[in-house]
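Okay, so here's the structure we're looking at.
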Amino acid sequence: MKICVLVKQVPDAAVEKRMDPNTKRLDRGGEPNLNPFDTHAIEAAMQVKEGGKADVEEVIAVTMGPEGSERALHKAVSLGADRSVQLSDESLAGSDVCATGYALAKVLESESPDLVLLGQQSDDGECYTIGAVVADHLGMPSLTQVIKMDVEGDKLVCERQAEYGYDTVEVSLPAVISVGDAINEPRYPSLKAIMGAKKKQLDKKAAGDVGIEADKVGEDGSRTTVLAINPPPEKAAGEIIEDEDTNETVEKIVAWLDERKLIS
Amino acid sequence: MSGILTYALHYEGAINKNSLGAVSEAGKLASELGQEAHAIVVGGDDLTDELCATLGNYGASKVFRVKAPEGLAQPVVDAMAKVIGEHGQSYALFGGGLLGFEIGAGLTARLGAGVTMEVTAVKVQDGKLVAERPILQDSAIVDVDYVGEPGIIIGRLNAFETQAAGSDSAEVVDVEVELSDFSTKAVMKQRGEQRGADVNIEDADIIVAGGRGLGKAEGFELCESLADALGGAVAATRAVVDAGWYSYSAQIGQTGKTVAPKLYLAAGISGAIQHKVGMQSSENIVAINKDQNAPIFDFSDLGIVGDLNKIVPKLTEAIKAKKGG
């Protein structure tokens, strides 16, 4: 079995994110890192590989991103992926969900995976839709926000929380599964794994290498346009208490609640 | 091409409340555009003529009914792609919820269409729909326009208000859809399993909610004591419900309950959007969290930066004393 894990480089969560007013795209400056949601997908792949129920030949981390996004791939291989693929091409800049999903599907096609895993959302654009877009292009069944996944023969038994409670769904391979963060606790990479990460194979691919049609990606291939960026409606800032003396803090909370007749 | 097609989710013979909101929104927008609003339902025999026709009350003039497996996205993608192919609706609209995201995304790929998710409002501009989408933890709102048709709009939970417009009944049209091969490769084995005790939080005036910051399942004892003292109920975030710390029936947010109590006291909750959408209409929001950068402080009326293990027990005692005295 061959598992591809889609990963993404995002600005560090601690850095204030902002939109570039000129390009109306997310300013991806700041210290970049692997999307924290993706570490759960890599861990899920490793658990399938180590679980003994499936013969996993390879776990491959795949990303689409500009020069510099190798950093996320290095992190991914330090967490256990065997090698990585970076799709990088100027023509891809400005791709929306529709165009990004198409481009990712093309690079995945070139690897013919039996299982594609990804995190439930990205920390920057919050587009937890990519899995379903990719699956439709690949013609594979898919499920998102999976919190338990067991391999049984050529099927996966998945659990997730949906609108009316927990669902158990059997999915035949090949499949695209996006995992929720409750699925596992990602491991920490060993120092040796971090040091060895740069030595693992990293294939760089351009759009043409994987048969991406130029008119389907980038700004021209995108099907949405951002017309304007506006501030959210003004909301009066709440009162903040820094707890230094807990007795005093509690007194303040009680007074606040009492004032609003919430203690009766 | 013209019209708006809205997906209406149902379960055990009732249409989902968020779907009714989306159908209502489509009805309103379609009349502004001078077009028709249609709805589509996918499932089994509980989709009776009567149930489908009630969508007319919310503004749908036509309801497409498709017999196919329910609770999974890909059969619905097949169904909606066929209906849009034959009837040429300009937009597909979804209420908040997990399936809406999956179906909308699948449809994006199938039809090469633009998609906007987490949409909080839709407006008519120059005879087209423009979607308003908050981004970056709701620190900015972008107006998104669609290039070509159809445009796919996935709403945020509770974004669209349910409005029964009249007594008109919708015309029910049965559609036969041949499912894609891969759409049959995911099979529902069990749906809607309830985990944990059944509790009622929707009628409570006061809610004490706990999140991952409680540290462990036993941390909920702190919330329970405080809720007892205040005379309220205990609720939980999705993360801790998925971890098995608390009952699913007490979960607030995206795939849980929506509440608007007089007091919502959040202990150890960071305030992710998926949680916020289920409680932001509460009258008074109090948050206790040790991380001063937690997003919940952005929408709290009173925020306490500190250790809940120190604060909550003392607060419980103080409230008991106040009530006793």
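What the table shows:
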read-out	value
Yes/no for B:Pro75 being surrounded by fewer than 18 Cβ atoms within 10 Å (Cβ to Cβ), out of contact with any Cys (no Cβ under 8 Å at 6 or more places or on another chain) and in contact (Cβ under 8 Å) with a residue 24 or more places away in the chain	no
Considering residues of region A:45-71 that are out of contact with any Pro (no Cβ under 7 Å at 6 or more places or on another chain) and assigned to a helix (DSSP H, G or I) only, the residue surrounded by the most Cβ atoms within 10 Å (Cβ to Cβ)	A:Ala45
Those residues of region B:84-114 which are of a type in the set (A, V, I, L, M), within 7 Å of another protein chain (Cβ to nearest Cβ) and more than 18 Å from B:Ala159 (Cα to Cα), in sequence order	B:Ala105, B:Ala109, B:Ala113
Complete set of residues in region A:141-166 that are surrounded by fewer than 21 Cβ atoms within 10 Å (Cβ to Cβ), over 13 Å from A:Ala182 (Cβ atoms) and either facing chain B (nearest Cβ under 7 Å) or touching a residue at least 60 places away in the same chain (Cβ under 8 Å) (or both)	A:Asp150, A:Val151, A:Glu152, A:Tyr164, A:Gly165
Residue ranges of strands (runs of 3 or more DSSP E) in region A:178-261 with at least 2 members within 14 Å of another protein chain (Cβ to nearest Cβ)	A:224-230, A:239-242
Region A:97-111, residues that are farther than 13 Å from A:Gly221 by Cβ, among the hydrophobic types (A, V, I, L, M, F, W, C) and more than 16 Å from the chain's Cα centre (by Cα)	A:Val107
Qualifying residues in region B:178-210 (those that are among the charged types (D, E, K, R) and more than 7 Å from chain A (Cβ to nearest Cβ)) - the one farthest from B:Ile288 (Cα to Cα)	B:Glu178
B:Asn57 more than 20 Å from the chain's Cα centre (by Cα), surrounded by 19 or more Cβ atoms within 10 Å (Cβ to Cβ) and touching a residue at least 40 places away in the same chain (Cβ under 8 Å)	yes
Options B:Gly85, B:Gly104, B:Gly148: the member that is surrounded by fewer than 19 Cβ atoms within 10 Å (Cβ to Cβ), in a helix (DSSP H, G or I) and not hydroxyl-bearing (Ser, Thr, Tyr)	B:Gly85
Residue within region B:257-267 that is surrounded by 24 or more Cβ atoms within 10 Å (Cβ to Cβ) and at positive phi present	no
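Every number here is computed from the coordinates shown, using simple stated rules; none is lab data. Fair warning: this is a prediction, and the values are worked out from it, not measured in the lab. A quick note on method: Cβ atoms are made from the backbone with ideal geometry, for glycine too, and the neighbour counts reach across all protein chains shown.
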